[in-house]
Amino acid sequence: MKKLSEKLMEREVFRYLLFGGMTTGVNLAVFICLRCAGISVNTANLVSIMAAVVFAFFVNRFFVFGVTNRDGMQIMRELASFAGMRMGTLAIEFFGVYFLNGMLGISGFISKCLIQALVILLNYIISKFVIFRKSDFGGVANE
């Protein structure tokens, strides 16, 4: 069993999905805590999304894609790119579900699942090949 778990942790896609699940947990936990503290739904939702994006950035950077450089400006550029990418895929998700459900009449749940699969794939590709890309010299670009 230990060998299997070690083998799985070596696989980048598995780590991406594992930490993605943890990101969802952070999102929900922050949302629930804020709601229990009497914060409005919209404010709690916004803060929980922001917390999840920051969490996702750091776990993707260090644990999924293995970026090790410690330059503060590089980290800030990556964080800004990561947040921008997530806003872009959030728009794709919002309008994609609207298009499939509202315009094509596909069920809301099916629409959400189809678009969510697309968004997960896009987030992975953009993270791997744009934000945390490896340079031609084996390290991370712009180190």
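Every number here is computed from the coordinates shown, using simple stated rules; none is lab data. Keep in mind that what you see is a predicted model, and the values were worked out from it rather than measured. No Cβ is skipped: glycine too gets one built from the backbone with ideal geometry, and neighbour counts run over all protein chains shown.
So here's what we get for this one:
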{"read-out": "At q = 0.20 Å⁻¹, base-10 log of I(q)/I(0) for the chain (Debye sum, equal scatterers on each alpha carbon)", "value": "-1.26"}
{"read-out": "Positive dipole terminus of the stretch 70-133, leading residue within SER81, SER107, GLY96 (C-beta point charges)", "value": "SER81"}
{"read-out": "Over the chain: helical MRE at 222 nm, DSSP H runs n ≥ 4 each giving -39500 (n - 2.57), nearest 500", "value": "-23500 deg cm²/dmol"}
{"read-out": "In sequence order, calculated HN-Hα J values of the stretch 107-115 (Karplus, 6.51, -1.76, 1.60; Hz; x Gly/Pro)", "value": "3, x, 5, 5, 4, 4, 5, 4, 5"}
{"read-out": "Among PHE19, PHE31, ASN45 the positive-end extreme of the charge dipole of the stretch 1-68 (Cβ point charges)", "value": "PHE19"}
